[in-house]
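A.B. asks: The structure is given below, and queries will be raised subsequently.
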Amino acid sequence: MNAKYQTASIGFAIAIIFVALLGLAACTFGKTPEPTPAPLPTLSLDETSAQEFVIADFDAVHAPVNGDANQYLIFGSLPVSEPPPDLPPELAVLLGRWEGYSYAPPVKKDYKLALMITEMTARDGKLVAWSGYNLQYPDRVGEIHFRVISVSPPSIEFQAIGPDGVRSVDTFTYDDQRKLLIGWLEYPDKNMSYGPFELSRDQTFYVYKDYAQYLTSKRIYTTEYTAQDLQRYGKGYMIYLPEGYEDKPGQTWPLIFFLHGYGDRGDNLFLLAKASPFMYIREKGSLPCIIVAPLLKAYDGFSSFPEEYMESVLAEIEANYRVDTQRIYLTGLSMGGEAAYRFAVHQPAVFAAIAPLSAYIDSETYSMLEAIKSLPVWAIHGADDTVVPFARGQQPADALEQLGGNVRFTILEGHDHDTWTDTYSDPAFYDWLFQYHTP
């Protein structure tokens, strides 16, 4: 998908699960046999069952938000058919738009889903689905033919083939007490479940016609590398320049150097705007610093950010932008948090403070922690992290404390692997960083 987003046409195969309901034909003497219910409609799982949802007219599908020419509510303009006269009211409540999150570990609320149930009878219907970790770049967009499996509680079911070719049977049931549509995905071939999804009538999931333009309006830009040595490791970097940067040519600025997690590897620089300090700029406002995030390519040869890559990017940023070299701060999450520890122990004099989130360290880095015992370190970890258990996150903090280091270890109760959403949205996090500078 291009940064200038005009259409989405990610199809996925769909099929109705065939379940024939057989009535009891009791022939007891003196009684009239009960009628046999008609079977539910079926749709064979073959080439013809795939329904690609092509958006030829962006404005006919999505609705502008508060008159914004760029920000649109996903499916906000899709029409919904009038319910037929014989549709039970319990089922009619399902018609319309739903959105929400998966609450499955290891990162709750990371995967998002928007559904628009456009047509419905007492037996089946149609919906359009939009889902992904980053809704600007969805994993799947498609039209689905579902069947009704229950009136009380109202429930629908359909079969889907994911981007990886894995089949799932998806069930969504309306919870009248909570006014939510609760979904579960069953994977018969893997004997596993995924969920729950909790979808509500909220109107909060947006997509941008031109994502690059949106980010530019926030002073967030992307730059591709021209140097061959950097292209070995990644496509480029994302950068935020603070307000007043151009107007004050003699001023230098603090730098936050951010290292992303494993899931953002690849060649899409725009993914870096989501789980990173850029989210503060997008959601809260400006910061008095430069923010840089290099992208790491998805290559099996890189288990994390190579040190030579981090060093080269930092050198390029210092050469091209007005950086206050006494106020360079290093932070990263998960894989990027590990790289932050490693980068710091190899360049201990460069950074004024570091903040690894949901991070771990290898044995080699652990043996070198004395190099950063005088460096302010704030390690943040989720109490319910199943990817990197908090005991592993606490290990380097305990070691630094035993060395007499300047370390702070925070366990976020009720958090799984995702500690970055709350941390990078908190002004106190940046206040902590900005208080430090190198000698």
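A.B. asks: Residue by residue through region 272-286, note down the ones that are closer than 20 Å to Trp432 by Cα and either surrounded by 22 or more Cβ atoms within 10 Å (Cβ to Cβ) or without any contact (Cβ under 8 Å) to a residue 12 or more places away in the chain (or both).
C.D. replies: Answer for region 272-286, where residues must be closer than 20 Å to Trp432 by Cα and either surrounded by 22 or more Cβ atoms within 10 Å (Cβ to Cβ) or without any contact (Cβ under 8 Å) to a residue 12 or more places away in the chain (or both): Ala275, Ser276, Pro277, Phe278, Gly285.
A.B. asks: Scanning for something in a loop (DSSP other than H, G, I, E, B) and within 21 Å of the chain's Cα centre (by Cα), does region 242-250 turn up at least one residue?
C.D. replies: For region 242-250, residues in a loop (DSSP other than H, G, I, E, B) and within 21 Å of the chain's Cα centre (by Cα): absent.
A.B. asks: Of the conditions (1) assigned to a strand (DSSP E or B); (2) in contact with a Leu (Cβ under 9 Å, 6 or more places away or on another chain); (3) farther than 18 Å from Ala275 by Cα; (4) not aliphatic (A, V, I, L, M), Arg408 fails just one. Which one is it?
C.D. replies: (2)
A.B. asks: Tell me whether region 301-315 contains one or more residues that are within 14 Å of Pro254 (Cα to Cα) and either assigned by TED's automatic domain parsing to the domain that holds Trp420 or free of Cβ contacts under 8 Å to residues at least 24 places away in the same chain (or both).
C.D. replies: Scanning region 301-315 turns up at least one residue that is within 14 Å of Pro254 (Cα to Cα) and either assigned by TED's automatic domain parsing to the domain that holds Trp420 or free of Cβ contacts under 8 Å to residues at least 24 places away in the same chain (or both).
A.B. asks: Further question on the same structure: Could you check region 202-216 and list, in sequence order, the residues that are touching a residue at least 60 places away in the same chain (Cβ under 8 Å) and over 20 Å from the mean Cα position of the chain (by Cα)?
C.D. replies: The answer is Gln213, and nothing else.
A.B. asks: Given the options Thr386, Thr423, Thr419, name the one that is in contact with a Ser or Thr (Cβ under 8 Å, 6 or more places away or on another chain), touching a residue at least 40 places away in the same chain (Cβ under 8 Å) and at negative phi.
C.D. replies: Every option except Thr419 fails the conditions.
A.B. asks: Could you identify the single residue in Asp416, Asp426 that is in contact with an Asp or Glu (Cβ under 8 Å, 6 or more places away or on another chain) and farther than 19 Å from Ala340 by Cα?
C.D. replies: Asp416
A.B. asks: Among the residues of region 415-436, which ones are surrounded by 17 or more Cβ atoms within 10 Å (Cβ to Cβ), farther than 17 Å from Ser276 by Cβ and hydrophobic (A, V, I, L, M, F, W, C)?
C.D. replies: Answer for region 415-436, where residues must be surrounded by 17 or more Cβ atoms within 10 Å (Cβ to Cβ), farther than 17 Å from Ser276 by Cβ and hydrophobic (A, V, I, L, M, F, W, C): just Phe434.
A.B. asks: Still on this structure, please answer the following. Taking the criterion of being buried (at least 18 other Cβ atoms within 10 Å of the Cβ), more than 28 Å from Leu215 (Cβ to Cβ) and in contact with a Ser or Thr (Cβ under 7 Å, 6 or more places away or on another chain), would at least one residue in region 104-123 satisfy it?
C.D. replies: yes
A.B. asks: Pull up region 353-391, narrow it to residues that are over 16 Å from Phe429 (Cα atoms) and of a type in the set (S, T, N, Q), then point me to the one that is surrounded by the most Cβ atoms within 10 Å (Cβ to Cβ).
C.D. replies: The selected residue is Thr365.
A.B. asks: When only residues in region 386-405 that are in a loop (DSSP other than H, G, I, E, B) and out of contact with any helix residue (DSSP H, G or I) (no Cβ under 9 Å at 6 or more places or on another chain) count, which is farthest from Asp110 (Cα to Cα)?
C.D. replies: Gly404
A.B. asks: State which residue pairs qualify: first residue more than 21 Å from Ala359 (Cβ to Cβ) and inside region 255-271, second residue assigned to a strand (DSSP E or B) in any location, beta carbons under 8 Å apart, and separation of 6 or more residues or different chains.
C.D. replies: Cβ pairs passing all conditions: Leu269/Thr222; Leu269/Glu224; Leu269/Gly236; Leu269/Tyr237; Leu269/Met238; Phe270/Thr222; Phe270/Met238.
A.B. asks: How many residues are hydrophobic (A, V, I, L, M, F, W, C) and surrounded by 23 or more Cβ atoms within 10 Å (Cβ to Cβ) when one looks only at region 232-268?
C.D. replies: 6
A.B. asks: Name the pairs whose Cβ atoms lie under 7 Å apart, with the first residue in region 189-201 and over 11 Å from Phe172 (Cα atoms), the second of a type in the set (Lys, Arg) and modelled with pLDDT under 95, and 6 or more positions between them or separate chains?
C.D. replies: Qualifying pairs under 7 Å: Asp189/Arg167.
A.B. asks: Of all residues being within 19 Å of the chain's Cα centre (by Cα) and part of a loop (DSSP other than H, G, I, E, B) in region 283-305, which is farthest from Glu338 (Cα to Cα)? Just the residue, please.
C.D. replies: Ranking the qualifying residues of region 283-305, first place goes to Lys284.
The values are calculated or read from the model by the stated rules, or taken from the named source; none is laboratory data. Keep in mind that this is a model prediction, so the values were computed, not measured. Every residue, glycine as well, gets a Cβ built from its backbone with ideal geometry; the counts of neighbours run over all protein chains shown.
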